[in-house]
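Enquirer: Sending over a structure as structure tokens; questions will come in a sec.
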Amino acid sequence: MTEREQLQEWIRESDNIVFFGGAGVSTESGIPDFRSVDGLYHQQYDYPPETILSHSFYVQNPGEFYRFYKDKMLCLTARPNEAHRKLAQLEQAGKLRAVITQNIDGLHQMAGSREVLELHGSVHRNYCQKCNALFDAEYILDSGELPVCSRCGGRIKPDVVLYEEGLDMGLMHRAVDYIANADVLIIGGTSLVVYPAAGLVDYYRGKKLVLINRDTTPMDKRADLLVQGSIGEILSGISV
């Protein structure tokens, strides 16, 4: 039995699947990741992306932060790919319990997934730091150098987790619960080097840990099933 046939069998037999994904899920929609050869970390800016996307930089250099953020993080023309669509189909078929994602692009919801835990927030939610009014991503993209609240004039901050900021612990607890109780845990499109998110794998207690990636990860040896290749192409071959 091939790796893909084994994956198909596990999915067919289960109604308690959890998917945990990262940037590689969205690269096939044209959204660059951070660590690949042509990812954001390998492009040249006045500051490294990890510096620009930090809380302290946002506070001290909001204009520079928003120039980078609008240019590189707001990919509002991107559309869901085969991976997003197949995961939504698996949920609708009663097989997938939840999508846990490190992505902030909202493509899982756009594809039709309902139970999506966004560990790092979303570009589609933005709030005024003064009055808590909410704004969408289009408002941020169309704003001036510094997006300000149309109600009170306060500064608007994207609801994304910047470096130096902590994750939402309530969301993390929900993710742990889903993973700990999953029959099949499918991990795809993530380098599994960003903590604390990568540490969620440690809570899986089952014996059907699937890793789908183009490249190797530090956790490949822990996988019960390792499928290398395009996650969109691999998942598109799964029948629901």
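Enquirer: Residues of region 208-226 being of a type outside the set (A, V, I, L, M, F, W, C) and assigned to a strand (DSSP E or B), which ones? So that I can check it myself, show each step before the final result.
Expert: Quick first cut of region 208-226, residues of a type outside the set (A, V, I, L, M, F, W, C) only: 208, 213-218, 220-222, 224.
Residue satisfying the conditions is Asn213 alone.
Enquirer: Inspect region 132-154 for any residue being without any contact (Cβ under 8 Å) to a residue 24 or more places away in the chain, in a loop (DSSP other than H, G, I, E, B), out of contact with any helix residue (DSSP H, G or I) (no Cβ under 6 Å at 6 or more places or on another chain) and under 26 Å from Ala93 (Cβ atoms) and give the result as yes or no.
Expert: No, every residue in region 132-154 fails to be without any contact (Cβ under 8 Å) to a residue 24 or more places away in the chain, in a loop (DSSP other than H, G, I, E, B), out of contact with any helix residue (DSSP H, G or I) (no Cβ under 6 Å at 6 or more places or on another chain) and under 26 Å from Ala93 (Cβ atoms).
Enquirer: Which count do you get for residues in region 158-168 that are closer than 20 Å to Pro48 by Cα and part of a strand (DSSP E or B)?
Expert: 3
Enquirer: Go through region 126-143 and give me each residue that's closer than 16 Å to Gly154 by Cβ and touching a Leu at 6+ places or on another chain (Cβ under 9 Å).
Expert: Asn126, Tyr127, Cys128, Ile140
Enquirer: Six or more apart or on different chains, Cβ under 6 Å: which pairs go from a residue in region 81-103 that's within 11 Å of Val116 (Cα to Cα) to one that's among the small types (Gly, Ala, Ser) and in a helix (DSSP H, G or I)? Could you list them?
Expert: Correct list of pairs: Ala88/Ala111; Ile100/Ala175; Gln102/Ala197.
Enquirer: May I pose another question? Is it the case that Leu192 is open to solvent by less than 10 Å² (accessible area, probe 1.4 Å) and of a type outside the set (Val, Ile, Thr)?
Expert: It is true that Leu192 is open to solvent by less than 10 Å² (accessible area, probe 1.4 Å) and of a type outside the set (Val, Ile, Thr).
Enquirer: With the structure loaded, tell me whether Ile100 is buried (at least 17 other Cβ atoms within 10 Å of the Cβ), in contact with a His (Cβ under 6 Å, 6 or more places away or on another chain) and outside any helix (DSSP H, G or I) or whether it fails that test.
Expert: No, not satisfied.
Enquirer: Here is a follow-up. Taking the options Gly144, Gly229, name whichever one is over 20 Å from the mean Cα position of the chain (by Cα), of a type outside the set (Asp, Glu) and either surrounded by fewer than 20 Cβ atoms within 10 Å (Cβ to Cβ) or farther than 26 Å from Pro49 by Cβ (or both).
Expert: Gly144
Enquirer: Right, something else. Residue by residue through region 8-21, note down the ones that are under 22 Å from the mean Cα position of the chain (by Cα) and outside any strand (DSSP E or B).
Expert: Result: Ile11, Asn16.
Enquirer: Looking at region 108-123 only, could you name the residues that are open to solvent by 70 Å² or more (accessible area, probe 1.4 Å) and in contact (Cβ under 8 Å) with a residue 12 or more places away in the chain?
Expert: Met110, Arg114
The values are calculated or read from the model by the stated rules, or taken from the named source; none is laboratory data. Note that the structure is a prediction, hence the values are computed from the model and not measured. Note that each Cβ is placed from the backbone with ideal geometry, even for glycine, and that neighbours are counted across all protein chains shown. Quick note on the areas: whole protein, heavy atoms, side chains included, nothing else; ligands and nucleic acids left out. Shrake-Rupley method; radii C 1.70, N 1.55, O 1.52, S 1.80 Å.
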